[in-house]
Amino acid sequence: MQSWVIGNWKQNPATNRDAMTLVDALVSAANTGIDQQKCQLMVAPSCIHLATVSARLQGSSLLCAAQDISTHSPSVGAYTGDCSAEQMADAGASWTILGHSERRQYHRECNNILVQKMSNALSQNLGIVLCVGETQAQYDAKQTLAVLTEQLAVIQTLLQQAGQVADCAEILAKRLIVAYEPVWAIGTGKVPTVDEVSATHEYIKQTVASFATPLANVSVLYGGSVNTANADNFAASPMINGALVGGAALNADSFLAIAGAFARAKA
Ligand code: PEP
């Protein structure tokens, strides 16, 4: 199974010039070093850099994702500050991250909003990287699986709303990746054990498969303080199909080293 290593640049870097420096370093190294059949690389620049970054990625093996899309319309409308799925696709994104914990925390994104965003993404042929994960308090209270059940329910709701469950499931099977990101591990340097992540991914895979048979092979990535020192350990687990990387994705060498770990392990 092909693995995925996705760089979430968040609100970085400060300038377009720095974004170009990063993408240039990635393109020149990735085209020579990483076998795309074994590890697909993707970067999610901030909205303002999306068009220039995706233009630079043309002809390379790297894909480009948006970090978010508008809830309110898949296309155009009077939604000040929003960017739609159609605009993101036009700027060169083929995927979008949705439900990142920072969106849930700072923008109060709930399941209803996420179902609408997922529907908007699919209407514009964007793939979806759906982020799920528990907070430290929920982890301490052993509520991880209950939280994931509640967050993953957006997939079932989307299928039900689509009416043609089988057709929608076939489309989602090609356009859905789940990223398990414990909130307490994001940007903190703290990580769960590989056994913990593997067991949680098994639960995510079973839950998503229970919604519709075509979703049985959904890729589940781990995210949260992945770095060059721990990537080999995560990559060794057959339950971990790749990584969503924040901080370490802002340095081309460390991002590519993480990708190399997954490419080697999944060879
Ligand atoms: C993230 O924000 O998606 C993330 C995984 O961040 P970091 O790798 O910095 O923990």
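The values are calculated or read from the model by the stated rules, or taken from the named source; none is laboratory data. Predicted model only: the values in this text are computed from it and were never measured. Neighbour counts run over all protein chains shown; Cβ positions are idealised from the backbone, glycine included. Surface accessibility is based on the protein's heavy atoms, side chains included, excluding ligands, DNA and RNA. Shrake-Rupley method; radii C 1.70, N 1.55, O 1.52, S 1.80 Å.
Determine which member of the set Ser73, Ser94 is hydroxyl-bearing (Ser, Thr, Tyr), surrounded by fewer than 22 Cβ atoms within 10 Å (Cβ to Cβ) and in contact with a Leu (Cβ under 6 Å, 6 or more places away or on another chain). First the steps, then the outcome.
Values: Ser73 fails: in contact with a Leu (Cβ under 6 Å, 6 or more places away or on another chain).
Matching residue, one of Ser73, Ser94: Ser94.
For the stretch 245-267, taking the residues that are more than 16 Å from the ligand (Cβ to nearest atom) and in a loop (DSSP other than H, G, I, E, B), the one that is surrounded by the fewest Cβ atoms within 10 Å (Cβ to Cβ) is identified as Ala267.
Which residue is farthest from the ligand (Cβ to nearest atom), if the candidates are limited to the stretch 231-244 and must be under 14 Å from the mean Cα position of the chain (by Cα) and at negative phi? Checking each candidate, the answer is Asn241. If you take the residues of the stretch 107-125 that are part of a loop (DSSP other than H, G, I, E, B) and among the polar types (S, T, N, Q), which of them is nearest to Gly223 (Cα to Cα)? Within the stretch 107-125, the match that is nearest to Gly223 (Cα to Cα) is Asn125.
Given Gly99, Gly133, which one is touching a residue at least 60 places away in the same chain (Cβ under 8 Å), touching an Asp or Glu at 6+ places or on another chain (Cβ under 9 Å), surrounded by 19 or more Cβ atoms within 10 Å (Cβ to Cβ) and on the phi > 0 side of the Ramachandran plot? Answer to the check: Gly133.
Here's the yes/no breakdown for (1) closer than 21 Å to Val115 by Cβ; (2) at pLDDT below 95:
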| site | (1), (2) |
| --- | --- |
| Gly133 | yes, no |
| Thr144 | no, no |
| Ala162 | yes, yes |
| Lys174 | yes, no |
| Thr188 | no, no |
| Pro192 | no, no |
| Ala199 | no, no |
| Ala209 | yes, no |
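Ile128 passes every criterion in (1) away from the ligand (no atom under 16 Å from the Cβ); (2) open to solvent by less than 50 Å² (accessible area, probe 1.4 Å); (3) free of Cβ contacts under 8 Å to residues at least 60 places away in the same chain apart from (1).
Please tell me if Val226 is at pLDDT 95 or above, crowded, with 18+ Cβ neighbours inside 10 Å, among the β-branched types (Val, Ile, Thr) and in contact with a Lys or Arg (Cβ under 7 Å, 6 or more places away or on another chain).
Answer is no for this residue.
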